[in-house]
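The values are calculated or read from the model by the stated rules, or taken from the named source; none is laboratory data. Note that this is a predicted model, so its numbers are computed, not measured. Heads up, the Cβs are rebuilt from the backbone with ideal geometry, glycines too, and the neighbour counts pull from every protein chain shown.
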Amino acid sequence: MNEPVSERLDPLLQRIAEALERIAPAPSSRVDLGAADGFIWQPEADRLEPVLQINRVDFVLLQGIGRQAETLYENTRRFAQGLPANNALLWGARGMGKSSLVKAVHARVNAETASGTRQAPRLALVEIHREDIPSLPRLLQLLRGTERPCVLFCDDLSFDGGDASYKSLKAVLEGGIEGRPANVIFYATSNRRHLMPRDMIENERSTAIHTSEAVEEKVSLSDRFGLWLGFHNCDQDTYFAMIEGYAKRYGLEMPQDQLQAEAKEWAVTRGGRSGRVAWQFIQDLAGRLGKRLED
């Protein structure tokens, strides 16, 4: 007599279930923050991708942003020691070292840990892309189950009309029931102080029935960052200091007058001076001199 259909299907269904379990993403509880010092959040798979070599500039090479650098460093150092610290918004001119500073501070604090001058766990730097902000609650739930302190970093953060993803960030920064995990701090960079364009602010204010409430929700997002650090266009002396600091660090020998003249011409072709322009000039100079930019 033929066996029941259900009995014939049971082994097949069991094999399918086992195959699905093998290919399913690892659950949050299995996150390994010991694999590296840097990670990129991959929301499609609910996992953190290790970054074995973080692209960064040394803290000592950052010129013209001394106050911002020391303020962010002290905030990060306190966080690493388990002391109260603020979420930070680094805003202002393009190419003036906002994202470079976040990575440089992370490296400096960890270097102090490695040298034994600071007794605390090493910091993990976790990058979340702007378009993945809606998945932020899932990422925080994953990090909540770990003990390692994490600097959560979003570069070039901003919001435009009709974009409601900022609500995920608002709840995380202060407003949610769970709030931000004690082992996580959030750093963001933006060209906009209020994370939305000025013309959008003015347009909503002019067309809304209650003008004071029209942009209250979005503008208040930046208020939830306890630390604001402004970055402004650099003057010529600061630009030259950047160039000369890089040249000395990487052994690019050239008379100072010639170095400054070429750096000035380079800035003119780029339409302005900034830390990014200075670094691009140094890369060009190193290539012409046949030098490698290695520490």
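One residue stands out in the stretch 153-198 among those that are at pLDDT 70 or above and acidic (Asp, Glu): the one that is surrounded by the most Cβ atoms within 10 Å (Cβ to Cβ), namely 155. Residue count for the stretch 72-91 under the criterion of being within 17 Å of residue 227 (Cα to Cα), of a type outside the set (A, V, I, L, M) and surrounded by fewer than 19 Cβ atoms within 10 Å (Cβ to Cβ): the result is 6. Each residue in the stretch 242-294 was checked for being among the small types (Gly, Ala, Ser), within 22 Å of residue 97 (Cβ to Cβ) and not in a helix (DSSP H, G or I), and 3 of them qualify. Quick one: which residue in 214, 208, 261 is surrounded by fewer than 17 Cβ atoms within 10 Å (Cβ to Cβ), assigned by TED's automatic domain parsing to the domain that holds residue 74 and either modelled with pLDDT under 90 or not acidic (Asp, Glu) (or both)? So the residue among 214, 208, 261 that is surrounded by fewer than 17 Cβ atoms within 10 Å (Cβ to Cβ), assigned by TED's automatic domain parsing to the domain that holds residue 74 and either modelled with pLDDT under 90 or not acidic (Asp, Glu) (or both) is 208. Condition first: farther than 21 Å from residue 60 by Cβ and modelled with pLDDT of 95 or more. Can you find one or more residues in the stretch 108-125 that meet it? Yes - at least one qualifying residue is present in the stretch 108-125.
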